[in-house]
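Take a look at the structure below.
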Amino acid sequence: MPQVSMTVNGKATSGDVEGRTLLSAYLRDHLGMTGTHVGCDTSQCGACVVHVNGEAVKSCTMFAAEADGATVDTIEGQANADGSLNVIQQAFQDHHGLQCGFCTPGMVMSAAALLKENPKPTEQEVRDYLEGNLCRCTGYHNIVKAILAASGQDVGAIAAE
Amino acid sequence: MPKDSGIGASPKRREDVRFLTGAGNYTDDINVAGQAYVHFLRSDVAHARIKGIDTSAAAGMPGVVKIFTGADFEGVGGLPCGWQVTDRHGEPMQEPPHPILAQGKVRHVGDPIAAVVADTYEQARDAAEAIEVDLEELPAIVDMKAALADGAPKLHDDLTSNLCYDWVLGETDDAVVQKAFDEADHVTTLELTNQRLVANPMEPRVAVGEYKRGTDEYTLYTTSQNPHVIRLLMCAFVLGLPEHKVRVVAPDVGGGFGTKIFHYAEEAFCTFAAKACNRPVKWTASRTEAFMSDAQGRDHVTKIELAMDKDNNFTALRTNTLANMGAYLSTFSSSVPTWLHGTLMAGNYKTPCIQVNVKAVFTSTVPVDAYRGAGRPEATFQIERVIDKAARERGVDPIKLRRQNFITEFPYDTPVALTYDTGDYNGTMDKLEAAADIAGFAARRAESEKNGKLRGLGINCYIEACGIAPSNIVGMLGARAGLYDAATVRVNATGSISVMVGAHSHGQGHETAFPQVVAEMIGIDESQVEIVHGDTSKIPFGMGTYGSRSLAVCGSAMVRATEKVINKAKKIAAHLMEASEADIELKDGMFSVAGTDKSVAWGDVTLTAYVPHNFPLEEIEPGLEETAFYDPANFTYPAGAYACEVEVDPETGKVTIERFAAADDFGNIINPMIVDGQVHGGIGQGIGQALLEGCVYDENGQLLSGSYMDYAMPRADDVPFYTVDHSSQTPCTHNPLGVKGCGEAGAIGSPPAVVNAVIDALQSGGKNVTHIDMPLSPGRVWAAMNG
């Protein structure tokens, strides 16, 4: 079996994987990093989004071998150095942007990629960007609100409740 | 000033930190040392006789531990149905067996034929491909009307037909109902479909079975909304295991929406196979597998007739519904089109004569069971669509027509077996009119028209029966379970509290909201109270979470248990202060003697309970832990009014939701933030049903919508921000918190609002369209406009 090596959340990792092993499976099964979730098998739901060399990627769509040598960031590495929630995570908690929590890792990782690209997105830009992230609990209301808040925009006026 | 703690406050959710940092513990995150993996070989045809299964080649494949077929389960029970419906003639429903693995026949695409347990998941899948199954294909049974026709092929050879039951509720005398229609000034008729949906919680189902030979004990980790229900059904009806030897754990669960209530074959299989293989056995559904094995929802075809007098008072309502059960009876399937649907056909209105007729039908499709709202969305959709049509036919304002017919006096006995304890439908409609800015609609429509778009406003009301419900009543109606719930309040020596609850949180935020209640009752900080749920080895026997029941039923049990704790603590405090128990007051975590300056703190009393050196041992026992079981006296009746504004592009038929407002009466509210979030999520799913979603089988019973490539889930850009108003509050009259439940409202109340809005938009554009079946895809809307 081929060996892969990659830096995950700043730490060097390596493992023997089959050619067909997906990056999501490498993270979850080989490294035991179960924060990255798998919610579908057609790359639609986005629960598995991680960053590979700084780009948002659906980790169920990529073989582990393709990420050989890459820098990978996952939900487990998003908190601040002191363990407190980062700005996006904190905004999700403040604005009730999650319920069951299953889609949340992918939402946070996608939101981070969006705000890196577009620091002050409009509501429509947030909604469009989340096209590849499904949530079944929130009706998206508080996710969109949380991401706008994380970008530093005033969300006080959004839909009274 | 909003409160910052206790009942009515919105503290940040404590469960969020683990979910936001990747530290949740979902079932697929659980791996047991030495575990093997199971892959189910599932039928790829809808209906066939199994002539033979050859597993010999597969058995020799690398890593294969054991291969199971239906023959391995011949001595084992099938999956039970938890509700026996009695038909219009007093006969029990037809109830076919539902084996763990198919025996003799397969009856839907996805029906499991064999199960391969192997060292790795990939090996199990590879080996499954080497199993040879000889199937004699039989005619698929997809259309419900065809399934009931004389001479139709039968899905279950031992049943007399594909009819599960023919049921009636309300006025059973057809002549009485017909007379009401004959005397009506106007009758509005509507034929509609409430399409089949797939619940689609984002976490697919998972089961891990474990068996310990040394103690003869089993553990099942599973994605369930109700671990005790799973343990009871699996032990008593399927595997014949003693309950005390089986532990069922439902850890963090990634959404349920009903589809994780039911006991599934894979749960029983993994438990059974763990012993048979002497290894833990794990199964993780792929999404494609979820589409063909999770119980699906809705799928009713209905004709509804509404009779009115000359003044537009509703005088009679009659419905005829075909309800699709799918191939087998899932756990609560039979109750959904009957007691969860027929009983809601009065809606918010004082229609004096109602007759509900339901025929439940077996088809060669995935079983259908409760999905968010379960029967109540189907009822609401019919009532609110036919009223809207009636308003248009009579040329009256749809809000005015509803208000005119509202029930206004409570308690109110409906003609369909319920007693609404309280409500204020006019008050809630007032809130909606303000929240939705109905007065400003005309200007918004003019603006849309300027831009070449049609704009419509859709209004509807809903009522639901939640917090199910009195065990003695549901027992009479056929439930094979009680529907109480339970809580244990365990006070620790240092004063902190663990509350073990039968309710299960899979997104609802119980870990945050439930402590708000206990903390307020005692007057201590919420951080001192922790909720334990989801593990039969830790919690009292509770019935779990569905039907918006957690707070109304389990929360009530928690209140009762906390009251018992407080009463005992007062006895201890009285002893410590040498005062009469009757004079002890508890406020802000301090016990005091009325009229004196004597006091002892909560922590002093709890420490005394566990270090009883100075303690009334002759009168009470040491310790401070109480359990309560709570069986409600009635359902609760959340109700509301919703408004949707859409724009329709006349060129393409595409519908855009421009505004959505909801006014709900949930009675008292413990955590407004969580309640708002529940309604948002329900509306999202309701908009999904109205515009996007649909589970589709072709005439051969092939599932065409078997992945997210084919089944249109609502996405962030399909929905707007919602306006929700929960200030209309008529507290439930029969539970201690005065709460009603909020989990399903959004999904019940929103589909008719969307469809009514689209019809209104088309009518405003001069199109005489009176109904379009959901989902209102651009193609369907365009075809209706140009038909």
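Before moving on, here are some points about what is shown:
Results for (1) small (Gly, Ala, Ser); (2) in contact (Cβ under 8 Å) with a residue 24 or more places away in the chain; (3) more than 14 Å from chain A (Cβ to nearest Cβ), shown as yes or no for each residue.
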position: B:685; (1), (2), (3): no, yes, no
position: B:722; (1), (2), (3): no, yes, no
position: B:725; (1), (2), (3): no, yes, no
position: B:728; (1), (2), (3): yes, yes, no
position: B:739; (1), (2), (3): no, yes, yes
position: B:746; (1), (2), (3): yes, yes, no
position: B:766; (1), (2), (3): yes, no, yes
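Residue-wise test of (1) among the aliphatic types (A, V, I, L, M); (2) assigned by TED's automatic domain parsing to the domain that holds residue B:657; (3) touching a strand residue (DSSP E or B) at 6+ places or on another chain (Cβ under 7 Å); (4) surrounded by 20 or more Cβ atoms within 10 Å (Cβ to Cβ).
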| residue | (1), (2), (3), (4) |
| --- | --- |
| B:687 | yes, yes, yes, yes |
| B:695 | no, yes, yes, yes |
| B:702 | no, yes, no, no |
| B:720 | no, yes, yes, yes |
| B:724 | yes, yes, yes, yes |
| B:747 | yes, yes, no, yes |
| B:750 | no, yes, yes, yes |
| B:774 | yes, yes, yes, yes |
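- Cβ-Cβ under 8 Å pairs, at least 6 apart or on other chains, the stretch B:319-343 side closer than 14 Å to residue B:474 by Cα, far side among the acidic types (Asp, Glu) and in a strand (DSSP E or B): none
- Pairs meeting the criteria (first residue in the stretch B:278-292 and within 11 Å of another protein chain (Cβ to nearest Cβ), second residue among the basic types (Lys, Arg) and outside any helix (DSSP H, G or I), beta carbons under 8 Å, at least 6 apart or on different chains) are B:285/B:205; B:289/B:42; B:290/B:205.
- Filtered residues of the stretch B:189-218 (kept if of a type in the set (Ser, Thr, Tyr) and buried (at least 22 other Cβ atoms within 10 Å of the Cβ)): B:211, B:218
- Extreme residue, farthest from residue B:662 (Cα to Cα), among residues of the stretch B:426-437 that are in contact with a strand residue (DSSP E or B) (Cβ under 7 Å, 6 or more places away or on another chain) and in a helix (DSSP H, G or I): B:426
- Search result, residues across the stretch B:699-709 that are in contact (Cβ under 8 Å) with a residue 12 or more places away in the chain and either under 18 Å from residue B:256 (Cβ atoms) or out of contact with any Cys (no Cβ under 8 Å at 6 or more places or on another chain) (or both): B:699, B:700, B:701, B:702, B:706
- Within the set B:9, B:71, B:33, the sole residue that is more than 12 Å from every other protein chain (Cβ to nearest Cβ), in a helix (DSSP H, G or I) and at pLDDT 95 or above turns out to be B:71.
- Qualifying position, being more than 9 Å from chain B (Cβ to nearest Cβ), at positive phi and either without any contact (Cβ under 8 Å) to a residue 40 or more places away in the chain or in a loop (DSSP other than H, G, I, E, B) (or both), among A:139, A:69, A:101: A:69
Here is a yes/no grid of residues against (1) touching a Pro at 6+ places or on another chain (Cβ under 8 Å); (2) within 18 Å of residue B:193 (Cα to Cα); (3) aromatic (Phe, Trp, Tyr):
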| site | (1), (2), (3) |
| --- | --- |
| B:355 | no, no, no |
| B:361 | no, yes, no |
| B:365 | no, yes, no |
| B:369 | no, yes, no |
| B:372 | no, yes, no |
| B:386 | no, yes, no |
| B:410 | no, no, yes |
| B:417 | no, no, no |
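- Just so you know, in the stretch B:219-232 the residues that are over 25 Å from residue B:695 (Cβ atoms) and touching a Leu at 6+ places or on another chain (Cβ under 9 Å) include one that is surrounded by the fewest Cβ atoms within 10 Å (Cβ to Cβ), and it is B:231.
- Selection from the stretch B:572-620 of residues that are among the charged types (D, E, K, R) and either surrounded by 15 or more Cβ atoms within 10 Å (Cβ to Cβ) or not assigned by TED's automatic domain parsing to the domain that holds residue B:530 (or both): B:583, B:598, B:604
- Segments classed as helices (runs of 4 or more DSSP H), wholly inside the stretch B:213-318, with at least 3 members that are closer than 24 Å to residue A:37 by Cβ: B:265-277, B:287-293
- Residue A:125 vs. criteria modelled with pLDDT of 95 or more, more than 7 Å from chain B (Cβ to nearest Cβ) and over 17 Å from the mean Cα position of the chain (by Cα): yes
- Residue that is away from chain A (no Cβ under 14 Å), assigned to a loop (DSSP other than H, G, I, E, B) and modelled with pLDDT under 95, where the choices are B:619, B:651: B:619
The values are calculated or read from the model by the stated rules, or taken from the named source; none is laboratory data. Quick caveat, the model's predicted, so the values are computed rather than measured. With ideal geometry, Cβ positions are generated from the backbone for all residues, glycine too; neighbour counts draw on all protein chains shown.
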